[in-house]
Amino acid sequence: MIDTTDIYEKLSVIFRDVFEDETLIAKPSLTADDIAGWDSLTNLRLVLTVQKAFGVKFTAHEITSLNNVGELATLVQAKT
Amino acid sequence: MGAGLYAELGWLPRPPEDFHARCRNVSEQEGGLGSSIQALARYALDENQLTRLAKLIGEAREQRLSLSPLVPFRLAIVSNATSQFIVPALVASAARHGIALECCEANFDQVVQEVLSADSAISRAQPDAVLIAVDHRGLPLRQCQGDAAAAQETVEAALAHLELIRKGVAANSKAICIVQTVARPPETIFGNADLAVPGTMRSLVDRVNRGIAESISGSGDVLFDVAGLAETVGLAGWHDPTLWNLAKLPFSNVFLPLYADHVGRIVAALRGKSRRCLILDLDNTVWGGVIGDDGIEGIVIGQGDPTGEAHLSVQQTALTLRERGIVLAVSSKNHDEVARGPFQTHPDMLLREKHIAVFQANWDDKATNIEAIANALSLGLDSMVLLDDNPAERALVRQLLPQVAVPELPDDPALFARTLLASGYFEAVAFSAEDRQRADFYEENARRVALREEAADLGTYLASLDMVMTVQPFDAAGRNRIVQLINKSNQYNLTTRRYTEREIEEAQRDPDCLTLQVRLSDKFGDNGMISVVICRQIGRDWHVDTWLMSCRVLGRRVEDAVLQELLLQARERGVDRIVGIYHPTERNKLVEDHYAKLGFALVERQQDGTTVWQLSVAQAPIATLPLEVRHLGSELVGA
C-alpha cells in the first residue's frame, strides 16, 4: 500500500498541473469551493489524471461521491 | 512499442519539464506569438498540457493578438457526446499543424436540429468545416439479430441519417463535412459468430462504415476514419463505459491527444499543409551499418537478416509513398560516390538513384543540406520530413529548421516505418491521378534544369522544350485537381484564397465568372494542370480573384501566356480593364512583382502590403511566346 505522504505529494503535482497554479498544495480538507476554475469538466480531468498517475480505475459512483481531497486520497490508497 | 506509439504520439519529442512555465512566458519570447505557440504544440502533449495551450490561444484571441503565421480555420462540431471534452485538445493540436483553430459547438445532442436550421449557432458561425462526431450511440442503429431485412433497414436508416446531416450542412453553409466512421463497441452477443449473423452490432457497424467510406468520393466531404484509429489502438481501450455513463465522453480520455492530432492533420490537409517530400538519412536508416566504414559488402540490407529486413521495410515504405506522389530525397554525411554505391550496385536495394529527386551526400551539416534540397525542388521547408536514426542530427535540424518535421524514432529499425506512417505528416484528404505522377514531375524537372545549363540562352531553351499549353474553363472532370491546387498552392499564388469543391462548382456556373484551368506538356512529359485563374466581372472590369501557378513550371513564361489568354477572352467579352491584387502572405513573396512584370500599372499600395494593379485591355501588347496554345471546351473562343 502506498504511503499517505507520497499520495499527497503526487496529488499536489497533479493539482498544479490541472489547475495551472504552482502554489497549490493538496490537503484533506480541500474542496471545489477553494479553487477557482474547479468546475465539473475540470473535476473530470482531475480524476482522470489521478487515475492515470496512480494506475487505478474508479467507478462512476466512486467519482460522483467524492466530497474533498481527503476522500480522493483514501480512495487512491484503497486501490493501490 | 505497441499502442503506446499511437496514444502517446511517439513520433513527437517529449515536452520539457517546465512546459507550464514556458506557456506563461510565451508572450515574452521573440519571433511572434503564433510561432511560439506552434513550437510548444510540437511536443507530445497530454490532456492537461493541451488544455493549457488551448487556454493560451483563447486568451490571445480575446486580446485580438495576431496568431500569424498560424492559418485561421473555423470548425463546427456536432456530436451526440460531450464536445467540450474534445475542444481544447483540438485547438492546441491544430496549432501543431499550423492552424489557428476556432471551434463552435452545437448544443449537446442537437446534431440534426443544428445543421438543418439556417439560423442555428452552427449555421450562423459560417464554419469552414463541420466535424460530424457521431458514434454508434448517435445513429439510429437497432440491433436485430438474425433478421436480415431489418438489418438492411437499420443500416440504410443510419446512412440516411448521416446523409441528412451532410445535406443540412451543404444547404446552410459552404462548409466541408468531416465525416467520422463508427468505432465498433467490443461487446459481442454470440461471440465469434457476430460478424456472420446479420443485425448484430458487429455486422451493422461494419456495413455502416463501408457505406460511409463509399459516400465520400466525389462529395467534397472528407473522411475521419475513427473506426480505423480505434482498431489501431484497441477497441477495448477506446470505449470506456464508465466515462460514457459519467460524463458522456465519447471515448477514453487516454486517446484524446491522438484523436485531436488526427483532426489537426485533416484540417491542415484541407488547407494544403500536408508535407510533400521525404528526406532519407542513409547509414542505419536506409540500410544497417555505415557505408563509409563497412563498404558495400558490409552494410546490412535485404531478406534473410532481421536488421536487413527492417531497413528494407523503410525502403519499401519510401517507395510506396513515392507512388502516391511524395518526393524522395537523400541527405547523408558521406562522400557522394560512396553513398551512391549501394543505390547503383547493391542487389538487395529497393531504392535506386532514379527514385531520388535530390541526392545530397557531403560533409555539410544537415540543416544546410535540407535547405538546398528545398531550393532544388522549389518546395518550402514546411513541406519536408526528415527520417534520421541519429538523435543528435534530429535535434539539430529541429532547432535550426523548426519548420521541418523530424519524427522521433525508436531504437529498433523494425519500427521506423510504422513510426513514420503513424506521424501522419503526409495526410491526404483526396487522391488524384496526378498525385501518382508527381514524383516523376520533380525528376523530369531535375532533367530540365540540367538541359537548361546546356542551352545557350533562355529563349533557345524554352523553344527547345516543344511546350503545349492547354486552356479551358473549369469543368467537372478537372474539379478535383482545381480544388487541390487552390487549397495547396502557397508560393505562386497572388491572393491565396481557398475554396471548397462546392464554391468551385458555383464559380463554374456563374456567368460573371471567367475560369481557366491550364495544363502544360513538353517533350519530357505531361506536367498536368499547372495554373488556375478566376476572374469576376464587375461592370466592364475583370477582377482577378485567383491566379496561381505550380512552381514546377516557373520560368517557362506560362504566366505571360495565361495573360495573353485573359486578354483574348476579355476582348471577346467586351471587358475594358483587368484589375489584379497581390495579397502578401508568409509564402508568396515570389509573386510580389507578378503584375509589374506583366505590364500592369500600380493603382494602390495598402498598409498590409497588399497591392492593386490594372491593365487596359486595349493598350496591352500582344506577345509572341515559345509555346503553342490549345483551347478546349470554350464557347467564346474558337480552337
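Summary of values
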| read-out | value |
| --- | --- |
| Fully extended contour minus Cα-Cα distance, from residue B:62 to residue B:624, at 0.36 nm per residue | 196.9 nm |
| Expected 222 nm ellipticity per residue - DSSP helices of 4 or more, -39500 (n - 2.57), all of chain A, to 500 | -18500 deg cm²/dmol |
| Three-way shape call for the stretch A:4-79 based on the alpha-carbon gyration tensor, with the a/c threshold at 1.5 | rounded |
| Relative exposure of B:593, B:305, judged by other C-beta atoms within 10 Å (fewest first) | B:593, B:305 |
| Residue B:150-residue B:572 FRET efficiency (beta carbon distance; Förster radius 56 Å; 0.05 resolution) | 0.35 |
| Under the span-like rule (Cα at least 30 Å along the axis, Kyte-Doolittle mean at least 0.0), DSSP H helices of chain B | B:148-172 |
| Fewest-first ranking of B:43, B:6, using other Cβ atoms within 10 Å as the exposure measure | B:43, B:6 |
| Net lengthening on full extension, residue B:614/residue B:107 (0.36 nm per residue, minus Cα-Cα) | 177.7 nm |
| Candidates A:46, A:11, A:66, ranked by Gaussian network fluctuation over chain A, Cα under 10 Å, top entry | A:66 |
| Fraction of beta bridges assigned by DSSP in chain B that are antiparallel (%, nearest 5) | 45 |
| Charge-dipole axis of the protein assembly as shown as Lys and Arg at +1 and Asp and Glu at -1 on Cβ define it, positive-most pick from A:56, B:459, B:286 | B:459 |
| Separation of the residue B:338 and residue B:163 label points, Cα + 7 Å toward Cβ, nm | 6.4 |
| Under DSSP loop assignment and at most 14 Cβ neighbours within 10 Å, longest GluC sites (Glu not before Pro)-free interval of chain B | B:188-585 |
| FRET E, pair residue B:460, residue B:189, Förster distance 60 Å, beta-carbon r, rounded to 0.05 | 0.20 |
| The stretch A:4-79 - charge dipole about Cα centre, Lys and Arg +1 at Cβ, Asp and Glu -1, debye rounded to 20 | 360 |
| For B:83-91, mean number of other protein chain Cβ atoms within 10 Å | 1 |
| Stokes-Einstein D (µm²/s) once Rh is taken as the Kirkwood radius of the protein assembly as shown over alpha-carbon pairs, at 4 °C in 1.567 mPa s | 46 |
| 222 nm mean residue ellipticity, helices alone, for chain B (DSSP H n ≥ 4; -39,500 (n - 2.57); rounded to 500) | -12500 deg cm²/dmol |
| Averaged over A:46-52, number of beta-carbon atoms from partner chains that fall within 10 Å | 4 |
| Distance (nanometres) between label positions extended 7 Å along Cα→Cβ at residue B:121 and residue A:20 | 2.1 |
| Relative exposure of B:556, B:340, judged by other C-beta atoms within 10 Å (fewest first) | B:340, B:556 |
| Peptides B:277-288, B:141-152, B:166-177 ordered by average Cβ neighbours within 10 Å, highest first | B:277-288, B:166-177, B:141-152 |
| Total charge dipole magnitude, chain B, about the Cα centre, Cβ charges on Lys, Arg, Asp, Glu only, Debye to nearest 20 | 1500 |
| Calculated FRET value between residue B:411 and residue B:296, using beta carbons and R₀ = 22 Å, to 0.05 | 0.30 |
| Nonlocal Lys pairs with alpha-carbon distance under 17 Å, chain B (8 or more apart, or different chains) | 4 |
| Shielding by partners, peptide A:54-65 (average Cβ within 10 angstrom, other chains) | 2 |
| Kirkwood-based shape ratio for chain B, expressed as Rg/Rh from alpha carbons | 0.98 |
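Throughout, read-outs are computed from the coordinates displayed, never taken from laboratory work. These numbers were taken from a predicted model, which means no experiment stands behind them. Reconstructed Cβ throughout: ideal geometry from the backbone, glycine too, with neighbour counts over all protein chains shown.
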